[in-house]
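Below is one structure; the comments refer to it alone.
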Amino acid sequence: MEILACPIDKHHPLELHVFEEKEEIVEGLIVCPKCLRWYPIRDEIPEMLPDNLRKENEDLPFLKKWKEKVPEEILSKGKPFTLKTGPKKS
Amino acid sequence: MNCWDQILPRREYSPEEPDEFVASSIKSLKRRQVSKALDLGCGAGRHLAYMARQGVQVCGIDLSLTGIDMARRKLKEQGLEALLVKCDMKALPFINSLFDAVICTRTVYHQALKEIRETIIEIHRVSTTKALVAIDFLSKRTYSYGSGVEVEHNTFIEQDGPEKGVLHHFTDEKELKELFEAFRTVNIKLQEREVKGKLRSRWIVTAMV
């Protein structure tokens, strides 16, 4: 985590939320506290794509799956998608 | 699904041996005690494994999860480790001045010129002041120049074959000098060989930040 920065605004440090962990973090969330973009960790791989390459139909189910563990601010104001409002423009 | 998810499992796109210019670059890097290296468009991970075997901490990025998964398996089989991230080379998720080496093979030219320029700016940002950058580019002399539909000057979209729909940008020395003008030293070399009667021509750029 100490080497990762937000791909959009280059903010560092980012926040890490671990949802499932074995030898590595299997599923989790990386959050940029500055712009509130969130990036999933799925199958041990951080997916840190810019907004134009994100797919709502892949990312929202992930957020829904872990909504009990995702910070409330991300659920309501996260970018590029939130559970409450769908796609959010920057 | 990314188009490379289907292309990368093909044997010809996932060779085992490192590209010769990567191997020679890494040899010189070892002498300078490189600690962290980034492979842009790591694909199935041949260069990640090669560099990790030399004791370098490696990070690989790709847009293709299939490629990343192949790289992960290759590294695991060899008892090696790397940080693997799915991301776009034009928007790297790394802090400034992190890597002592950045390599990119058979990848950067699958973009339009504007995107290649953005990628090189990002490479410069994440590289340390002593970093070595090694990248190959398609030359306009190569046999496939002009194949497909031209979408902008010297940039074509393949219409057939395994790379159907994939962009190819072809370049020349003048353009490369302009692309790398922010770098301290830039070495541009044309590498050519004939394979089955076809001229394969590419530029090898090695640059110091």
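Odds and ends about this structure:
- Of all residues in region B:183-201, exactly one satisfies the criterion of being of a type in the set (S, T, N, Q) and surrounded by 14 or more Cβ atoms within 10 Å (Cβ to Cβ), namely B:Ser201.
- Search result, residues across region A:12-25 that are surrounded by 15 or more Cβ atoms within 10 Å (Cβ to Cβ) and at the interface with chain B (Cβ under 10 Å from one of its Cβ atoms): A:His12, A:Leu14
- Some residue of region B:88-98 being among the hydroxyl-bearing types (Ser, Thr, Tyr) and at negative phi: no
- Considering region B:82-103, the residues that are under 13 Å from B:Met51 (Cβ atoms) and in contact (Cβ under 8 Å) with a residue 60 or more places away in the chain include one that is surrounded by the most Cβ atoms within 10 Å (Cβ to Cβ), namely B:Ile103.
- Out of A:Asp51, A:Asp9, A:Asp43, one residue alone is in contact with a Ser or Thr (Cβ under 7 Å, 6 or more places away or on another chain) and in contact (Cβ under 8 Å) with a residue 12 or more places away in the chain. It is A:Asp51.
- Some residue of region B:190-209 being aromatic (Phe, Trp, Tyr) and part of a loop (DSSP other than H, G, I, E, B): no
- Answer from B:Thr119, B:Thr66 - the residue that is part of a helix (DSSP H, G or I), farther than 24 Å from B:Phe180 by Cβ and hydroxyl-bearing (Ser, Thr, Tyr): B:Thr66
- In region A:26-40, residue farthest from A:Lys64 (Cα to Cα) [restricted to those that are in contact with a Phe, Trp or Tyr (Cβ under 8 Å, 6 or more places away or on another chain) and within 12 Å of chain B (Cβ to nearest Cβ)]: A:Cys32
- Count of residues meeting criterion [exposed (fewer than 15 other Cβ atoms within 10 Å of the Cβ) and either among the β-branched types (Val, Ile, Thr) or in contact with a helix residue (DSSP H, G or I) (Cβ under 7 Å, 6 or more places away or on another chain) (or both)] in region B:157-182: 2
- Extreme residue, surrounded by the fewest Cβ atoms within 10 Å (Cβ to Cβ), among residues of region B:21-55 that are of a type in the set (Lys, Arg) and not in a loop (DSSP other than H, G, I, E, B): B:Arg31
- Of the set (1) modelled with pLDDT of 95 or more; (2) farther than 24 Å from A:Leu4 by Cβ, all apply to B:Leu83 but (2).
- Answer residue from region B:3-33, given it is in contact with a Leu (Cβ under 7 Å, 6 or more places away or on another chain) and under 12 Å from B:Gly43 (Cα atoms) and is modelled with the lowest pLDDT among those: B:Trp4
- Selection status of A:Lys69, among the charged types (D, E, K, R), more than 13 Å from chain B (Cβ to nearest Cβ) and touching a residue at least 40 places away in the same chain (Cβ under 8 Å): yes
The values are calculated or read from the model by the stated rules, or taken from the named source; none is laboratory data. These numbers come from a predicted model, not from an experiment. No Cβ is skipped: glycine too gets one built from the backbone with ideal geometry, and neighbour counts run over all protein chains shown.
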